[in-house]
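Note sheet for the following structure.
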Amino acid sequence: MTEQVLEATEAMVVVMEERATESQIEQVVARLVEMGMDVHRSTGVTRTVLGAVGQGHPDKGILELLDGVHEVLRISEPYKLASRTFKPEGTVVSAGDARIGGDEVIVMAGPCSAESEPQVRAAAAAVRRAGAKILRGGAFKPRSSPYSFQGLGEEGLRLLRDAANAENLKLVTEVMDLSQIEVIDEYCDIFQVGARNMQNFTLLRELGHARKPVLVKRGISATIEEWLLSAEYVLSGGNNDVILCERGIRTFETATRNTFDISAIPVVKKLSHLPIVADPSHGAGRRDMVAPMARAAVAAGADGLIIEVHCDPDHALSDGAQSMYPAQFDRLMAELRIIAPAIGRSICLEPVTRRGWGS
């Protein structure tokens, strides 16, 4: 059903002239709506771009003659709003002072799950001292076994929010179900859609109405096109703040938990304007491999990293084997400060204790 709908969908980009007036832009929008299209506006550095998607039949020739129109392009990719055709320049998603997709490589770090107040506070303080800008942590945990730790629920959200506030960090946490959106929205700065929910289209549609960024992880067996189409669900709902996350895919290899697809980073950069972050913790599933995979991801062009850090990973209630010790995370951040400038990027230049943010 989804493929039939996509095949029937018309999509085009109307690029306005640099000096196009607001009145001219509104007239083009009105004409596209008359032609049966939904219009998504993107304002670039010099031009306004109108993305038109729908079941209508827009006439390219008529649109090209409208005042203020520079050119009209048809979008051939099945993912319309996520494509570079719609928006040639990259999107920057902001969460406070963290700008994902900008010049700085943004690091999100913290425990897999919130377990207790001391555990969450210690992890938050450790990653903030090392230079992370966003705390990651789960309160609702999708686990393969029904007998595994499932998270603390809203109490876990409260612990994560309090720790993030205490350390001047933003918070990204996973939403698993429609019923959780409202309560998680009270605590988080970024919604995370996990690999198991990448094709939960009902959830993605609803997050399209959210007013906060949405991080969409790649499913363990998903192609890049399927992944971008999942992001399209959020974008089509009106939420333009979408972040992609490569977290490894399932292959025949058994030496690692997943196969970390570093090649997906430059591929996505070519196909889509959306920022992409890498999750080397889930990508390899082994603590000793997180640092080399993180270094490689930054070198490949990732806009950020999301890394699991726990002060006592050997006794963690979930994913302890892939969680870094704070000292390992400190060392990794120091290495990334060498790698990032070599490819024209920056990263938190020094631990925050040297910047007067606290001890």
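Quick one: would you say Met333 is within 22 Å of Ala126 (Cα to Cα), within 21 Å of the chain's Cα centre (by Cα), assigned by TED's automatic domain parsing to the domain that holds Pro213 and touching a residue at least 40 places away in the same chain (Cβ under 8 Å)? Yes: the conditions hold for Met333. Between Thr85, Thr91, the distinction of being more than 16 Å from the chain's Cα centre (by Cα), closer than 24 Å to Glu18 by Cα and not basic (Lys, Arg) belongs to Thr85 only.
Per-residue answers, yes or no, for (1) among the hydrophobic types (A, V, I, L, M, F, W, C); (2) crowded, with 18+ Cβ neighbours inside 10 Å:
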site	(1), (2)
Gly138	no, yes
Ser145	no, no
Asp177	no, no
Arg205	no, no
Pro213	no, yes
Thr223	no, no
Trp227	yes, yes
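Listed here are the residues, each with its yes/no results for (1) more than 20 Å from Gly304 (Cβ to Cβ); (2) in contact with a Leu (Cβ under 8 Å, 6 or more places away or on another chain); (3) hydroxyl-bearing (Ser, Thr, Tyr).
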position	(1), (2), (3)
Arg161	yes, yes, no
Leu171	no, yes, no
Val175	no, yes, no
Asp189	no, yes, no
Thr202	yes, yes, yes
Val214	no, yes, no
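Mind checking whether some residue in the stretch 116-127 is crowded, with 22+ Cβ neighbours inside 10 Å, at pLDDT below 95 and not assigned by TED's automatic domain parsing to the domain that holds Val49?
no
Screening the candidates Leu32, Leu65, Leu50 for the property of being over 31 Å from the mean Cα position of the chain (by Cα) and not assigned by TED's automatic domain parsing to the domain that holds Leu215 yields one hit, Leu65.
Taken over the stretch 283-341, the criterion of being farther than 21 Å from Val268 by Cα, outside any helix (DSSP H, G or I) and of a type in the set (Gly, Ala, Ser) is satisfied by Gly285, Ala316, Ser318, Ser323.
Restricting Val92, Val72, Val13, Val28 to residues that are touching a strand residue (DSSP E or B) at 6+ places or on another chain (Cβ under 9 Å), crowded, with 17+ Cβ neighbours inside 10 Å, of a type in the set (Val, Ile, Thr) and closer than 23 Å to Leu244 by Cα narrows the list to Val13. Can we say Val53 is assigned to a strand (DSSP E or B), closer than 22 Å to Glu226 by Cβ and of a type outside the set (Phe, Trp, Tyr)? So Val53 fits the description; yes. The residue pairs whose first member lies in the stretch 150-161 and is surrounded by 22 or more Cβ atoms within 10 Å (Cβ to Cβ), whose second member is part of a helix (DSSP H, G or I) and of a type outside the set (Val, Ile, Thr), and whose beta carbons are closer than 6 Å, counting only pairs six or more residues apart or on different chains, are Leu159/Glu117.
For the stretch 151-190, a residue qualifies if it is of a type in the set (Lys, Arg) and more than 19 Å from the chain's Cα centre (by Cα), and the qualifying residues are Arg158, Arg161.
The values are calculated or read from the model by the stated rules, or taken from the named source; none is laboratory data. What you see is a predicted model; the values in this text were computed from it and never measured. FYI the Cβ positions are ideal-geometry reconstructions off the backbone, even for glycines, and counts take in every protein chain you see.
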